[in-house]
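The values are calculated or read from the model by the stated rules, or taken from the named source; none is laboratory data. From a predicted model like this one, the values you see are computed outputs, not experimental measurements. Neighbour counts are summed over all protein chains in view; Cβ atoms, including those assigned to glycine, are modelled from backbone coordinates with ideal geometry. The protein model used for the area step is the full one, side chains on, heavy atoms only, and it has no ligands, DNA or RNA in it. Shrake-Rupley method; radii C 1.70, N 1.55, O 1.52, S 1.80 Å.
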Amino acid sequence: MDEEYDVIVLGTGLKECILSGLLSVDGFKVLHMDRNGYYGGESTSLNLVQLWKRFRGSDKPPAYLGPSKDYNVDMIPKFMMANGSLMRTLVRTNVTKYLSFKTVDGSYVFNKGKIHKVPATDMEALKSSLMGLLEKRRARNFFIYVQNYDESDPKTHQGLNLSRVTTRQLISKYGLSDNTTEFIGHALALHRDDQYLNEPALDTVKRMKLYAASLSRFQEGSPYLYPLYGLAELPQAFARLSAAYGGTYMLNKPECKVEFDTRGKAYGVTSQGITARCKKVVCDPSYLPNKVRKVGKVARAIAIMSHPIPNTNQSHSAQIILPQKQLGRRKSDMYLFCCSYSHKVAPKGRFIAFVLTEAETDRPEMELKPGIDLLGAVDELFFDTYDRYKPINTPSSDHCFISTSYDATTHFESTLMDVLSMYTMITGKTLDLSMDPSAAGIAIE
């Protein structure tokens, strides 16, 4: 604490740990502190006793659920794309050596009251129950265009400048129905609302290509991976990376008060009466509440079950996206996340399911009902909400770099966008993630 650092990082959530690792690799002298005695912050994983204590106010869960230590219930449940930004970051930093993964069994979309597998290629489009015969042909032509599209090869553009053509214009060229457009935009391109339709189509095409490339990487039922023993392994893996490059970690540090000079620039962090000096501070919103504003709220339900989600082909792990228009007048999508003993997050025969959405009312039980109804019988059910914050400060002026809160999505792409943006602001560099992640040896069970 009596040294000076390039960066002090406050909070051991996944975003903060990724940045701590990346900055340490880049040669920054990093001190990483947390007021808690555990890693993960808001994105921690809880065993059964901790889950009961947090949501039921008791430390005695029912014995029929099995040993507490066999549970790793993620508070911010998210899958990772096999070729996505997080996996590329893991490969680039060689953090994969600390982790083992298992593919996720299924990726689904809710449409007209039923659960359907998400088609990602031209051949899958022909087999999909989401579309009639004529629509399948139109969708197949669109998928072929996307699969063949190469930003650097004008011959594949068919005369379209996707930096100017909107997604709505591109889709209308292929005559796709609103129903098809919806699952393409929300379940394949993973947009959270319909704003993308009026934006340049290039982003949507890139997102679709990422989904297809991730799906084909391991030739399994979905494009997603998930670490064995849950997401708490990720912050700890990046903490190991930071420590290997000289980073210093201190847990159980009370207060962690950021100190500012007379010009409003952060110069250190004080804990237990001692101030560690630094040039920059990185933290989650809870450490600088006067420099963030509330931008929303996430409603979530956590279910412990004894079976897979019905109508998902007995998938022991799955994502189901419920697009907003399938839920009446909602403004945002709903997400179902399911994992189980196959990923070592619960005892044998137990399944953990989450239902999440951007809260639009103060009644999470009613708001989440469409997703909960898809789960079938549940053994235990918990409801919760948490506020989302984003920074309102100017990092170039106060030297404080604050992450945004985690959204309701059940994948990591938006999370990494925030991390990469913060990395660029801190270092002035863009992190090179252009490598082929499939070239790395990744432990897949």
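General remarks:
- Qualifying residue in segment 337-347 (condition: open to solvent by 10 Å² or more (accessible area, probe 1.4 Å) and over 20 Å from Leu231 (Cα atoms)): no
- The condition (being at pLDDT 90 or above, under 24 Å from the mean Cα position of the chain (by Cα) and either open to solvent by less than 60 Å² (accessible area, probe 1.4 Å) or more than 30 Å from Phe28 (Cα to Cα) (or both)) is satisfied by just one residue among Val281, Val269, Val258: Val281.
- Contact map, segment 121-133: residues that are without any contact (Cβ under 8 Å) to a residue 40 or more places away in the chain paired with residues that are assigned to a loop (DSSP other than H, G, I, E, B) and open to solvent by less than 70 Å² (accessible area, probe 1.4 Å), Cβ distance under 7 Å, separation 6+ or inter-chain. Pairs shown: Ala125/Pro119; Ser128/Pro119.
- Any hit, segment 10-26, residues being part of a strand (DSSP E or B), more than 19 Å from Pro227 (Cα to Cα) and modelled with pLDDT of 95 or more: yes
- Test result for Lys102, touching a residue at least 12 places away in the same chain (Cβ under 8 Å) and either under 16 Å from His343 (Cβ atoms) or among the polar types (S, T, N, Q) (or both): yes
- Restricting Pro119, Pro154 to residues that are open to solvent by less than 70 Å² (accessible area, probe 1.4 Å) and out of contact with any Cys (no Cβ under 6 Å at 6 or more places or on another chain) narrows the list to Pro119.
- Out of Leu176, Leu170, Leu197, Leu228, one residue alone is surrounded by fewer than 20 Cβ atoms within 10 Å (Cβ to Cβ), out of contact with any strand residue (DSSP E or B) (no Cβ under 9 Å at 6 or more places or on another chain) and either hydrophobic (A, V, I, L, M, F, W, C) or under 25 Å from Thr312 (Cβ atoms) (or both). It is Leu176.
- Within segment 206-225, the residues that satisfy the criterion of being open to solvent by less than 50 Å² (accessible area, probe 1.4 Å) and in a loop (DSSP other than H, G, I, E, B) are Gly221, Ser222, Pro223.
- A residue that is under 15 Å from Val7 (Cα atoms), in a helix (DSSP H, G or I) and of a type outside the set (A, V, I, L, M) occurs somewhere in segment 228-250.
- Residue that is in contact (Cβ under 8 Å) with a residue 12 or more places away in the chain, in a loop (DSSP other than H, G, I, E, B) and open to solvent by 20 Å² or more (accessible area, probe 1.4 Å), where the choices are Thr385, Thr404, Thr430, Thr409: Thr404
- Selection status of Asp74, modelled with pLDDT of 90 or more, surrounded by fewer than 16 Cβ atoms within 10 Å (Cβ to Cβ) and not small (Gly, Ala, Ser): no
- Cross-chain or 6+ apart pairs with Cβ under 7 Å, segment 29-58 first and within 13 Å of Asn72 (Cβ to Cβ) and polar (S, T, N, Q), then exposed (fewer than 15 other Cβ atoms within 10 Å of the Cβ) and modelled with pLDDT of 95 or more: Asn47/Lys69
- Only listed residue being outside any helix (DSSP H, G or I), in contact (Cβ under 8 Å) with a residue 24 or more places away in the chain and aliphatic (A, V, I, L, M), chosen from Leu190, Leu197, Leu202, Leu170: Leu190
- Of all residues in segment 396-445, those satisfying the criterion of being over 18 Å from the mean Cα position of the chain (by Cα) and charged (D, E, K, R) are Asp398, Lys429, Asp432, Asp436, Glu445.
- Arg350 vs. criteria under 30 Å from Pro67 (Cα atoms), open to solvent by 10 Å² or more (accessible area, probe 1.4 Å), of a type outside the set (Val, Ile, Thr) and touching a helix residue (DSSP H, G or I) at 6+ places or on another chain (Cβ under 7 Å): yes
- Single residue of segment 179-194 satisfying the filter (of a type in the set (S, T, N, Q) and farther than 15 Å from Ala120 by Cβ) that is most open to solvent (accessible area, probe 1.4 Å): Asn179
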